[in-house]
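Visitor: Quick one: the structure is below, questions incoming.
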Amino acid sequence: MDLNDSTSLAELMSRYVSTETGFGVPKDGWRICLAHEFKEKRKPFQAKDVSLSNMIEHVSLGVRYLRWWYRKTQVEKKAPFIDMFRALPLRQIYGAPLGGIGGGSITRGWRGDFCRWQLNPGMYHYKTVIANQFTVCLRRGGQTVYQQVLSTERPPTLQGWNWGYCGEYAFYHALYPRAWTVYHLPGQNVTLTCRQVSPVIPHDYKDSSLPVAVFVWDIENKNDYALDVSIMFTMVNGSGHKDDKSGGYWNEPFHLEKDGESVSGVLLHHQTPVNPYTLCIAAREKVIHQTAFSPKGTCSALWSDLMTDGRLDSPKDSSPPTQKGEEVAAALAVSCSVPANSHNSVEFSLAWDMPKITFGSRGRIYERRYTRYYGTKGDAAPSLSHYALTHYSKWEESIDEWQRPILQDGSLPAWYKSALFNELYFVVDGGTVWVELPEDADISGGVRPEDGGLPAQPDVVKDYGRFAYLEGQEYRMYNTYDVHFYASFALIMLWPKLALSLQYDIAGSVVQHDPTERLNLMNGQYSPVKTRDVVPHDIGDPDDEPWVRANAYLIHDTADWKDLNLKFVLQVYRDYYLTQDEQYLKDMWPICQTVMETELKFDKDGDGLIENSGYADQTYDGWKVTGPSAYCGGLWLASVCMMCKMARVLNCESVYQRYRDILERGKAAFDKLLWNGKYYNYDSSGRSLSNSVMSDQCAGHWFLRASGLGDDDYQVFPKEKICSALKSVFDLNVMSFSGGQMGAVNGMRPEGVPDRSSVQSDEVWVGVVYGLAATMIHEGMIEEGMHTAEGCYRAVWERMGMAFQTPEAYCEKGIYRSLAYMRPLSIWAMQLALNNRPNHSKTTDKDPP
C-alpha cells in the first residue's frame, strides 16, 4: 500500500551518518536528518502565473484588485488579507509548533530554530531568532571537554559561541503534538535526545488551552566514566520583530515553590502598548541563570561563563529596562551528573502569557481561554511554568492513550500515521484564538429562540468559549466556512465542544444584516457586506475586528454563495450524529430551515434542484459553472436528505414530507441532467468542458456517509453510480495525473489531460484529496483511497519540503498556493471512515511504538 515507504524515509535520512536511534523515539512519524537538503524548490503562485486566457478573461478583476491592494498597503498601511503580489516564499525549515490551542504559537523548526511566531492573534511574523538556542557543556574531572551550540547555523553574530554543529549526526522526528531531536555528539560517545511536548490533548478543554511547552533532554553516556552535563537554554526578549528594539523591556529571575515542587527561571517582560506579554524560560532542578545579556556582538562572556565551570552567575536582581535600539536576552542552565554507561535527564519549559488581546482595529478586549484558570493580570508565567513541568508526564500519558490504538494498528501504513497526527499542527498554528465569551456578549444576532433564533449565550459557548482559526496563514480570514466544512472533522472528532461553539457563532451571524455597501472585486458591483439569512464566508480579519465585522472576503457578493448554506446544514446533522447533543440540534433546527428557504429560491424550474450561474460556488470560486452542477447539486441533495432526517428526529412530520418531495424530484433531475453513464458531469450546461471529471463530485455523498446516512430511506445517490464515479476519479484524476504519485487533480478531461480552463481546475487541493480518500474508504475502496491520499503526503512532506505548512494547492510542476492552510485537517475524515469499516478488527504491531 505504501509508495516505497522505506525509500522515502531513506531519502530524508540519507545523510545521517550515526547509528544512534535516540532515547524513546517512536518508530512512526516524520523523520529527517538535520543535514538534509530538499532538491525540489517550488515558488508561490502569484499574479504573473495566471495564464494568458485567464488573464484576458479577468482583466477587470485584476485592475480592481490592484487598486484595492494599493489602497490597503500604501494608504491604510495594512497587510491585505490575501496578498497576490507578496506571497510567502517557501522556507523548508518548519517543525512542530509549541503551545496549546488558542493562546498564541511559536514554531520551532526541524533544525532547532525558533522561526515562526504568532503571539499577536492571527498575525504571523516569520523570523528566525538566532540567539534562541540550546547549548550543551560536557565536563569530566572538573574540566570542560566539549561545549557546542546545538545548531547547524554559522551566523555572523554571536561569534564567541561554538556554532556549526554537524547536522549529519542528528535527526528530527515529529509525531504531533510531540517531537524529538536526536544529537550524537561526535567523538564524545554521548547522545542527547530533546523531546518537545505541547499540551494538545483531545477532549481536554483546560490544559489544551495553555500557552506552554516542555523540553525534556535525555542524556545517554556510553563512556566508561561519568560526566557532568549542563544544558543551556537562551531566549531573546521578543520575537525578532522590529519592536524588540523599542526599549522598556526587562528580565527578572523568579522562584516558585508549590505542592512540594520548586521551579526557577527568568521572566522576559515584553510590555508593548498593544497586547503586552511575558515570556518565561524555567526548569526545576539545579537551575542556574543569567538574567540578561545582549544578543549582539560576540557574546563571549556568557560562553566563557558556562565553559569555566558549567554554571552561570545567577544574579538575583532584575535587569534594567532596555534603551531604544537595544535588545536583551536571558539564559538558563541545568546541570546533572551522568554515570558511566548510564542515562539522566533534565527538563525546561517555555511559556508565554498574553492574557488579554485586541485585534487590528483595537476595539473590544478579549480574554484568552487559559485566563479562566490563571487570571488576566499578566503574572501567570511562573504558575504556567510550574504546572507544565509538574504535569507534562500526565499530558504524555493522555497523548499515548489517544494515539496508541492508531499507531499499533498494523493495517494502517506508516505514512498515514504520520500524516494523521502531524497535520493537526494547524489546530494550534492556524492563527488560532480561543477566548472567553464576554459577559455582555450576544451571539444570537438579535433574534431570540421564540422567534426562530438562538439564546444570547448558549451554554456550550459560555462554558467552552469562542474559537476561531484562519483559512490559512496567507489567507487571513477567520473560520472561512467553505474550508472549515472540510477541516471540521478534526474539531468534531477531537474537540467537539469547540466545533459546536463555532457553529453557534456562524448560526448567530446568519440572521444578521450589514447593509454597508462595498465593491465586489469579481464583478465590480456594490452589494451589502452581509445579507440576511445567508451563512457568512468568514467571521472577519484579525487585522480588523473578528466576530464584529464578518465577511472579510470581498471577491464575490455573499448573497451568491449557495454552498455555504448547504454546508451549514450538512455540518449540523453530522455534528449531532457524532455528539448526540439534542439541545444543539434543537437550537440549530430553525436556522437550518431559514437557510434552506434561501436556497429554495434557486430552484427556479421546480425540479427540486438548485441552479448555479457564473461560478461553481464559494469553494471553487474561480471555476465557471452553468446550471445544476455535480458539486453544488450533490451538496443540495445531501442537505435535503439531512433535513428529512432531522425532521424525523424532531418529529416535524410536515417538514419531513415537504423535503421528501423535494428530494425525490431533485434526485431524478440530478441523474437526468448530470449522470453520463460513468460519472457526474461537472455541470449541465452542455459546454465543451461540462463533462470534465471533478475530483470532488461526491462531496455530498461523503457527508451522508460520515453522518451514518446514504442507505435505505436516506439513500440519495445509487451506490453503483457512486462507485463508478469514484473509479473514474481514481483512474483519471489520480492515476492519469503525474503517474499517480501526487494525489487527485481537481479537474480532468475524459481523455486523460487536466482541465486547464481555470487556475483551480488545474490544481491539487490537499484537503479535498483527503476528503475524496475518505469517501473511497466509506465505499470499501480502501486501497484506492489510501493511494490517493498518500500521493499528497509524499509530495508535500517528503519532496516539496512543506512539513508543518501544508498548502492549499499545488500544480504538477513548479507552483504552490497558500502555505499553512486549514483544509488538510480533513484527513481526520479518513480516520472516521476507517473507524466505520464493517467487521474491522485491528491487527496490532508486535512492537509498540
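Visitor: Hey, can you tell me all the residues within region 29-43 that are open to solvent by 80 Å² or more (accessible area, probe 1.4 Å) and either farther than 16 Å from Gly109 by Cβ or small (Gly, Ala, Ser) (or both)? Reasoning before the result, please.
Guide: Going residue by residue through region 29-43, those that are open to solvent by 80 Å² or more (accessible area, probe 1.4 Å) are 37, 39, 41, 43.
Once the filter is applied, which keeps residues that are open to solvent by 80 Å² or more (accessible area, probe 1.4 Å) and either farther than 16 Å from Gly109 by Cβ or small (Gly, Ala, Ser) (or both), region 29-43 yields Lys39, Lys41, Lys43.
Visitor: Regarding region 814-824, can at least one residue be identified that is part of a loop (DSSP other than H, G, I, E, B) and either modelled with pLDDT under 95 or of a type outside the set (A, V, I, L, M) (or both)? Show your work before the answer.
Guide: First pass over region 814-824, keeping only residues part of a loop (DSSP other than H, G, I, E, B): 814, 818-820, 822.
From what is left, the residues that are either modelled with pLDDT under 95 or of a type outside the set (A, V, I, L, M) (or both) are 814, 818.
There is at least one residue in region 814-824 that is part of a loop (DSSP other than H, G, I, E, B) and either modelled with pLDDT under 95 or of a type outside the set (A, V, I, L, M) (or both).
Visitor: Within region 37-76, track down each residue that is among the hydrophobic types (A, V, I, L, M, F, W, C) and either in a loop (DSSP other than H, G, I, E, B) or without any contact (Cβ under 8 Å) to a residue 12 or more places away in the chain (or both). Steps first, please.
Guide: Within region 37-76, the first condition is being among the hydrophobic types (A, V, I, L, M, F, W, C), and the residues that meet it are 38, 45, 47, 50, 52, 55-56, 59, 61, 63, 66, 68-69, 75.
Selection gives Phe38, Phe45, Val50, Leu52, Met55, Ile56, Val59, Val63, Leu66, Val75.
Visitor: I need the full set of residues from region 757-773 which are β-branched (Val, Ile, Thr) and modelled with pLDDT of 95 or more, in order please. So that I can check it myself, show each step before the final result.
Guide: Taking region 757-773 first, the residues β-branched (Val, Ile, Thr) are 759, 764, 766, 768-769.
Across region 757-773, the qualifying residues are Val764, Val766, Val768, Val769.
Visitor: State yes or no: is Ser411 surrounded by fewer than 18 Cβ atoms within 10 Å (Cβ to Cβ), under 30 Å from Val25 (Cα atoms) and not hydrophobic (A, V, I, L, M, F, W, C)?
Guide: Values: surrounded by fewer than 18 Cβ atoms within 10 Å (Cβ to Cβ): yes; under 30 Å from Val25 (Cα atoms): yes; not hydrophobic (A, V, I, L, M, F, W, C): yes.
The answer is yes for Ser411.
Visitor: Can you tell me which residue within region 304-316, out of those that are of a type in the set (A, V, I, L, M, F, W, C) and within 19 Å of Arg140 (Cβ to Cβ), is farthest from the chain's Cα centre (by Cα)? If you could, list the steps in order and put the result at the bottom.
Guide: Step one: list which residues in region 304-316 are of a type in the set (A, V, I, L, M, F, W, C), which gives 306-307, 312.
Okay, now just the ones that are also within 19 Å of Arg140 (Cβ to Cβ), so 306-307.
Details: Leu306: 39, Met307: 41 Å.
By that ranking, first place goes to Met307.
Visitor: Tell me which of these Pro26 doesn't satisfy, since it passes every other one: (1) touching a His at 6+ places or on another chain (Cβ under 8 Å); (2) under 23 Å from Glu153 (Cβ atoms); (3) open to solvent by less than 20 Å² (accessible area, probe 1.4 Å).
Guide: (2)
Visitor: In region 389-405, is there at least one residue being in contact with a Gly (Cβ under 9 Å, 6 or more places away or on another chain) and either open to solvent by less than 10 Å² (accessible area, probe 1.4 Å) or within 22 Å of Met477 (Cα to Cα) (or both)?
Guide: We begin by selecting, within region 389-405, every residue in contact with a Gly (Cβ under 9 Å, 6 or more places away or on another chain); these are none.
No, there is no match, as no residue in region 389-405 is in contact with a Gly (Cβ under 9 Å, 6 or more places away or on another chain) and either open to solvent by less than 10 Å² (accessible area, probe 1.4 Å) or within 22 Å of Met477 (Cα to Cα) (or both).
Visitor: Next question, about the same structure. Quick one: which residue in Phe23, Phe38 is at pLDDT 95 or above and over 24 Å from the mean Cα position of the chain (by Cα)? Steps first, please.
Guide: Details: Phe38 fails: over 24 Å from the mean Cα position of the chain (by Cα).
After applying the criteria, what remains is Phe23.
Visitor: Another one. Looking at region 462-483, is at least one residue among the acidic types (Asp, Glu), in a loop (DSSP other than H, G, I, E, B) and closer than 20 Å to Ala552 by Cβ? Let's see the steps before the verdict.
Guide: Of the residues in region 462-483, the ones among the acidic types (Asp, Glu) are 463, 471, 474, 482.
Going one step further and asking which of them are in a loop (DSSP other than H, G, I, E, B), we end up with 471, 474.
Restricting the remaining residues to those that are closer than 20 Å to Ala552 by Cβ gives 471, 474.
Checking region 462-483: at least one residue is among the acidic types (Asp, Glu), in a loop (DSSP other than H, G, I, E, B) and closer than 20 Å to Ala552 by Cβ.
Visitor: Here's something else I'd like to know. Across region 109-146, what is the number of residues that are within 23 Å of Lys356 (Cα to Cα), touching a strand residue (DSSP E or B) at 6+ places or on another chain (Cβ under 7 Å) and in a loop (DSSP other than H, G, I, E, B)?
Guide: First pass over region 109-146, keeping only residues within 23 Å of Lys356 (Cα to Cα): 116-126.
Narrowing further to those that are touching a strand residue (DSSP E or B) at 6+ places or on another chain (Cβ under 7 Å): 116-119, 121-122, 124-126.
With the extra rule that they be in a loop (DSSP other than H, G, I, E, B), the set shrinks to 119, 121-122, 124, 126.
The qualifying residues number 5.
Visitor: Limited to region 99-133, what total is found for residues that are touching a Lys or Arg at 6+ places or on another chain (Cβ under 6 Å), surrounded by 24 or more Cβ atoms within 10 Å (Cβ to Cβ) and under 25 Å from Cys194 (Cβ atoms)? Reasoning before the result, please.
Guide: Within region 99-133, the subset touching a Lys or Arg at 6+ places or on another chain (Cβ under 6 Å) is 102-103, 107, 114, 126.
If we keep only those that are surrounded by 24 or more Cβ atoms within 10 Å (Cβ to Cβ) too, we end up with 102-103, 107.
Within this subset, residues satisfying the condition of being under 25 Å from Cys194 (Cβ atoms) are 103, 107.
Matching residues across region 99-133 total 2.
Visitor: Quick one: which residue in Tyr475, Tyr486, Tyr504, Tyr469 is touching a Ser or Thr at 6+ places or on another chain (Cβ under 8 Å) and more than 26 Å from Lys72 (Cα to Cα)? If you could, list the steps in order and put the result at the bottom.
Guide: Numbers: Tyr475 fails: more than 26 Å from Lys72 (Cα to Cα); Tyr504 fails: touching a Ser or Thr at 6+ places or on another chain (Cβ under 8 Å); Tyr469 fails: more than 26 Å from Lys72 (Cα to Cα).
None of the other options fit; the residue is Tyr486.
Visitor: Scan region 672-679 and give yes if some residue there is closer than 25 Å to Tyr416 by Cβ and touching a strand residue (DSSP E or B) at 6+ places or on another chain (Cβ under 9 Å), otherwise no. Please lay out each step first, then the result.
Guide: In the first step, residues of region 672-679 are kept if they are closer than 25 Å to Tyr416 by Cβ; the result is none.
No, that holds for no residue.
Visitor: Out of the residues in region 419-450 that are among the hydrophobic types (A, V, I, L, M, F, W, C), open to solvent by less than 30 Å² (accessible area, probe 1.4 Å) and part of a loop (DSSP other than H, G, I, E, B), which is nearest to Arg466 (Cα to Cα)? Break it down stepwise before answering.
Guide: Here is the first cut: in region 419-450, the residues among the hydrophobic types (A, V, I, L, M, F, W, C) are 419-421, 424, 426-428, 433-435, 437, 441, 443, 447.
Pick out the ones that are also open to solvent by less than 30 Å² (accessible area, probe 1.4 Å) and you get 419-421, 424, 426-428, 433-435, 437, 441, 443.
Of the ones still in play, those that are also part of a loop (DSSP other than H, G, I, E, B) are 424, 437, 441, 443.
On the way: Leu424: 19, Leu437: 6, Ala441: 11, Ile443: 10 Å.
Restricting to residues being among the hydrophobic types (A, V, I, L, M, F, W, C), open to solvent by less than 30 Å² (accessible area, probe 1.4 Å) and part of a loop (DSSP other than H, G, I, E, B), the top hit is Leu437.
Visitor: Quick check, is Ala499 within 21 Å of the chain's Cα centre (by Cα) and either open to solvent by 10 Å² or more (accessible area, probe 1.4 Å) or among the hydroxyl-bearing types (Ser, Thr, Tyr) (or both)? Before you say what the answer is, go through the steps one by one.
Guide: Numbers: within 21 Å of the chain's Cα centre (by Cα): yes; either open to solvent by 10 Å² or more (accessible area, probe 1.4 Å) or among the hydroxyl-bearing types (Ser, Thr, Tyr) (or both): no.
Answer is no for this residue.
Visitor: Filtering region 235-280 down to residues that are under 17 Å from Glu326 (Cβ atoms), among the charged types (D, E, K, R) and free of Cβ contacts under 8 Å to residues at least 60 places away in the same chain, which residue is surrounded by the fewest Cβ atoms within 10 Å (Cβ to Cβ)?
Guide: Lys242
Visitor: Now for a separate question. What are the pairs with Cβ atoms under 6 angstrom where one residue, in region 809-824, is touching a residue at least 60 places away in the same chain (Cβ under 8 Å) and the other, located anywhere, is β-branched (Val, Ile, Thr)? Sequence gap at least six, or different chains.
Guide: Note: pairs meeting the criteria are Tyr810/Val764; Met822/Val483; Arg823/Val483; Pro824/Val766; Pro824/Thr806.
Visitor: Further question: I'm trying to understand the selection: among the residues of region 462-496, which are among the aromatic types (Phe, Trp, Tyr) and open to solvent by less than 10 Å² (accessible area, probe 1.4 Å)? Break it down into steps so the answer makes sense when it comes.
Guide: Taking region 462-496 first, the residues among the aromatic types (Phe, Trp, Tyr) are 464, 467, 469, 475, 478, 481, 485-486, 489, 495.
Once the filter is applied, which keeps residues that are among the aromatic types (Phe, Trp, Tyr) and open to solvent by less than 10 Å² (accessible area, probe 1.4 Å), region 462-496 yields Phe467, Tyr469, Tyr478, Tyr481, Phe485, Tyr486, Phe489, Trp495.
Visitor: So which helices (runs of 4 or more DSSP H) are wholly in region 715-794 and hold at least 2 residues that are under 14 Å from Trp702 (Cβ atoms), open to solvent by 30 Å² or more (accessible area, probe 1.4 Å) and not polar (S, T, N, Q)? Steps first, answer last, please.
Guide: Values: elements: 719-729, 766-778, 782-793.
Output list reads 719-729.
Table: residues versus (1) of a type in the set (Gly, Ala, Ser); (2) in contact (Cβ under 8 Å) with a residue 12 or more places away in the chain; (3) within 24 Å of Ala803 (Cα to Cα).
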site: Ala131; (1), (2), (3): yes, yes, yes
site: Thr144; (1), (2), (3): no, yes, no
site: Arg154; (1), (2), (3): no, no, yes
site: His184; (1), (2), (3): no, yes, yes
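Visitor: Let me spell it out: the conditions are (1) over 24 Å from the mean Cα position of the chain (by Cα); (2) open to solvent by less than 40 Å² (accessible area, probe 1.4 Å); (3) at pLDDT 95 or above; (4) not aromatic (Phe, Trp, Tyr), and Gln593 meets all of them except one. Which number is the exception?
Guide: Condition not satisfied by Gln593: (2).
Visitor: Then there's this: So if I check each of Arg658, Arg687, Arg665, which one is assigned to a loop (DSSP other than H, G, I, E, B), farther than 27 Å from Gly767 by Cβ and not acidic (Asp, Glu)? Working first, answer last.
Guide: Details: Arg658 fails: assigned to a loop (DSSP other than H, G, I, E, B); Arg665 fails: assigned to a loop (DSSP other than H, G, I, E, B).
From the options Arg658, Arg687, Arg665, the qualifying one is Arg687.
Visitor: So, Asp204, is that one surrounded by fewer than 20 Cβ atoms within 10 Å (Cβ to Cβ) and either under 23 Å from Ile106 (Cα atoms) or at pLDDT below 95 (or both) or not? Full working, then the answer.
Guide: Values: surrounded by fewer than 20 Cβ atoms within 10 Å (Cβ to Cβ): yes; either under 23 Å from Ile106 (Cα atoms) or at pLDDT below 95 (or both): yes.
Yes: the conditions hold for Asp204.
Visitor: Now for a separate question. Quick check: is even one residue across region 158-174 open to solvent by 20 Å² or more (accessible area, probe 1.4 Å), among the hydroxyl-bearing types (Ser, Thr, Tyr), farther than 20 Å from Ala803 by Cα and within 31 Å of the chain's Cα centre (by Cα)?
Guide: Within region 158-174, one or more residues are open to solvent by 20 Å² or more (accessible area, probe 1.4 Å), among the hydroxyl-bearing types (Ser, Thr, Tyr), farther than 20 Å from Ala803 by Cα and within 31 Å of the chain's Cα centre (by Cα).
Visitor: Any residue at all in region 19-36 that's within 30 Å of Gly360 (Cβ to Cβ), touching a residue at least 12 places away in the same chain (Cβ under 8 Å) and in a loop (DSSP other than H, G, I, E, B)?
Guide: So in region 19-36, the residues within 30 Å of Gly360 (Cβ to Cβ) come out as none.
Checked region 19-36: no residue is within 30 Å of Gly360 (Cβ to Cβ), touching a residue at least 12 places away in the same chain (Cβ under 8 Å) and in a loop (DSSP other than H, G, I, E, B).
The values are calculated or read from the model by the stated rules, or taken from the named source; none is laboratory data. This structure is a prediction, so every number in the text was calculated from the model and none was measured. For neighbour counting, all protein chains shown are included, and Cβ atoms are generated from backbone atoms with ideal geometry for every residue, glycine included. Surface areas here come from the heavy atoms of the whole protein model, side chains and all, with no ligands, DNA or RNA. Shrake-Rupley method; radii C 1.70, N 1.55, O 1.52, S 1.80 Å.
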